[in-house]
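Okay, structure first, notes after.
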Amino acid sequence: MAINLSKLALRRSFAPIPRLISLLLTVIISLYARSTKHHLWEAPLGLDGANINHQEFQKWHNGGGMFHKTACIESTTLIEIGAVVHSECVVAANVHIGSGTIVGPAVKIGESTKIEYNVSVTNCTIGDACFIHNGVCIGQDGKAGYQT
């Protein structure tokens, strides 16, 4: 593509195009750099998008997900990589929390419940033996593409 653009620039009818593309790329990169104050792999985000002290989060032994040190989680629970369990949550035995799932502060999850991928759960209690499908939002408005 760069070769085609330089050929067009030689014809002088499209001379501003390479400069315009270069300018647009510079603007996009600088805006991205300004908006990204932290890296996703460094710290989980709060439900409001604010940074949370990542020192209070630890890696879960069964599945590799992250949990807050004040969460109460049974040892048989599986928290997959990319899932985050926030502060003061209570998670019962044999619960499966899928990758990309965010369990907000003070949520209670009953025994033998399976929560699939990219679920957002806040302000609620989930009973025993429940199955929550991919992409479901519980306890807040659903927002397509909303990153928690």
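The values are calculated or read from the model by the stated rules, or taken from the named source; none is laboratory data. Keep in mind it's a predicted model, so treat the numbers as computed, not measured. Side chains are part of the model used for accessible areas, which takes the heavy atoms of the whole protein and leaves out ligands, DNA and RNA. Shrake-Rupley method; radii C 1.70, N 1.55, O 1.52, S 1.80 Å.
Would segment 62-138 count as rounded, prolate or oblate if I go by the C-alpha gyration tensor, calling it rounded below 1.5 in a/c and otherwise prolate when a/b exceeds b/c, oblate otherwise?
Values: a/c = 1.13, a/b = 1.08, b/c = 1.04.
It is rounded, given that a/c, with a ≥ b ≥ c, falls under 1.5.
Skip the ligands, DNA and RNA, and give the accessible area per residue of segment 62-138 with a 1.4 Å probe, whole Å². Write out the running numbers ahead of the final one.
Numbers: 3300 Å² over 77 residues.
With all protein chains present, segment 62-138 gives 43 Å² per residue.
DSSP beta bridges fully contained in segment 51-119 are about 25 percent antiparallel.
Before anything else, pin down the relative contact order of segment 62-138: Cα pairs under 8 Å, at least 6 apart, normalised by residue count, whole percent. Result for segment 62-138 is 23 percent.
Determine the gain in length on full extension of the stretch Phe131-Lys59; use 0.36 nm per residue of separation and subtract their C-alpha separation, reporting nm with one decimal. Display every interim value, and only then the final one.
Working: separation 72, 0.36 × 72 = 25.92 nm, distance 2.41 nm.
My answer for the length gained is 23.5 nm.
Applying the Karplus relation 6.51 cos²θ - 1.76 cosθ + 1.60 with θ = phi - 60° to segment 121-127 yields 3J(HN,Hα) values of 10, 9, 6, 7, 10, 10, x Hz, where x marks Gly and Pro.
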